[in-house]
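The structure appears right after this line, and notes come after that.
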Amino acid sequence: MTQSELFPRTHTRKTDLNTLLFPVALEPIYLAGATTPVDNFKAIAGFPHDLGYKTVFCVVTDNYQLLTNSDALTIAESVYRRVFKTVDMKAMEVFNLIYPETKSFCHIDIIDKNYEVNLWAEEVYLPFIRVTNSYNRTRKLIFELGFCRKLCDNGVIFEKETITFAYTHTKGLLNIDAIEKQLANDDRLSRLETSFIAWMQQLKNYPVADKYVLALCARIMEVHFDINNQDLKKRKKETDRAVLFQDDIERLKKKYWSEMGQTAYTVFNMATDYATHSTNTLHIDGQQARVGTWLGDFCKAAAAKPFSMDDYLNDYRYLLN
């Protein structure tokens, strides 16, 4: 699998798979001074940074089946073939790698370099599959679908379209044949593409006044600020958080507002940018999924007449300009 050359390189996007394919194994655990290992338990240990320094990620039972990132990518090829309806594995490329400094878990975004979704003959998106795996038991093996904007690396994830076999690393539960059968006649990508195009058009046709932008972004990201808390210390902390969030949104508004116009589509781009670049690595997947959930929900709500933005943002009135 190669890295994608379709996108501009940014300070956040990583594509070198070798950084995640380090040695890792299940190893016996010894108590201090003991010569025989502890029964029924093992440690997941590896060398994420230096072959001379071993890292212990977590302790597991003997019933745990280790699935390496390399194993996950092998399974991802089966998912890729079925989702993208292709046998040309040369089109399979790494778009982005998301992982913390510890490399205890990772998200690997895979695109088909020949598959584009064109909007209005001026905007191009590429669908991607996100492979999630972990060595610290915090995440199952999951395959999610999303879209990324070709002009940048902003992404959105659709949790409702997550490939449903979530492998929990329990021995005997992984069945690749079952995965193949489940996806044999799967058309979720084509269905999602149709919905995505319709949602994008609806967003572009919906004007958003400047005064609503901050509150709308807060609703998309599901963030609240208790700026009226009676405790002075807590109030200051919440106010500081609100100011930092407002600064981020103002920066994004300057980046997108004049270029794209004052529409819900512009706010969507601000939100995907925030989710991708202004978020701690631990939460990028969740934030991008929030944007995906909001996208469908907002389009449904806005299509129901009458629709009032003031009512829609009722819980965020304190953020209206």
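The values are calculated or read from the model by the stated rules, or taken from the named source; none is laboratory data. Small disclaimer: the values here were computed from a predicted structure and weren't measured. Backbone-built Cβ (ideal geometry, glycine too); neighbour counts: all protein chains shown. With ligands, DNA and RNA removed, areas are computed over all heavy atoms of the protein, side chains included. Shrake-Rupley method; radii C 1.70, N 1.55, O 1.52, S 1.80 Å.
Please give the calculated 222 nm ellipticity per residue for the chain, where each DSSP H segment of at least 4 residues contributes -39500 (n - 2.57) and the sum is spread over every residue; nearest 500 deg cm²/dmol? Don't jump to the answer; show the numbers that get you there.
Numbers: 8 runs with 116 residues, N = 321.
About -11500 deg cm²/dmol.
Keeping the other protein chains in place, figure out the carbon and sulfur percent of the accessible area of segment 275-321, with a 1.4 Å probe.
Numbers: 1120 of 2300 Å².
Whole-percent figure for carbon plus sulfur exposure: 49.
Under a 1.4 Å probe, what is the accessible area of the chain per residue, stated in Å²? The partial results should precede the final answer.
Numbers: 15890 Å² over 321 residues.
Accessible surface, normalised per residue, equals 50 Å².
Note the full-extension length gain between Asn314 and Asp16 as 0.36 nm times their separation in residues minus their Cα-Cα distance, in nm to one decimal.
On the way: separation 298, 0.36 × 298 = 107.28 nm, distance 4.47 nm.
Here the answer is 102.8 nm.
Starting from the Cα of Asp247, step 7 Å along the direction of its Cβ; do the same at Asp226; then give the gap between the two resulting points in nm.
It is 2.3 nm.
Would you mind getting the Kirkwood hydrodynamic radius of segment 36-103 from its Cα pairs, rounded to one decimal in Å? Walk me through the numbers on the way to the answer.
Numbers: mean 1/r = 0.0662 Å⁻¹.
Hydrodynamic radius (Kirkwood, Cα only) of segment 36-103 equals 15.1 Å.
At a Förster radius of 25 Å, what calculated FRET efficiency corresponds to the Cβ-Cβ distance of Thr263 and Cys152, to the nearest 0.05?
Working: r = 18 Å, r/R0 = 0.71.
After rounding to 0.05, the efficiency reads 0.90.
Please identify which residues in segment 290-320 have an amide N closer than 16 Å to a label point set 7 Å out from the Cα of Asp210, following the Cα→Cβ vector.
320
For the chain, what is the convex hull volume of its Cα atoms per residue in Å³? List each step's numbers first, then the result.
On the way: hull volume 55.4 nm³, N = 321.
Cα-based convex hull of the chain, divided per residue, equals 173 Å³.
Got a sec? Charge dipole of the chain, +1 on Cβ for Lys and Arg, -1 for Asp and Glu; which of Pro48, Met309, Tyr256 is way out at the positive end?
Comparing the listed Cα positions along the dipole, Met309 ranks first.
How many percent of the accessible area of segment 68-145 is carbon or sulfur, using a 1.4 Å probe? Provide the component values of the computation, followed by the final result.
On the way: 1260 of 2790 Å².
Carbon plus sulfur share of accessible area: 45 percent.
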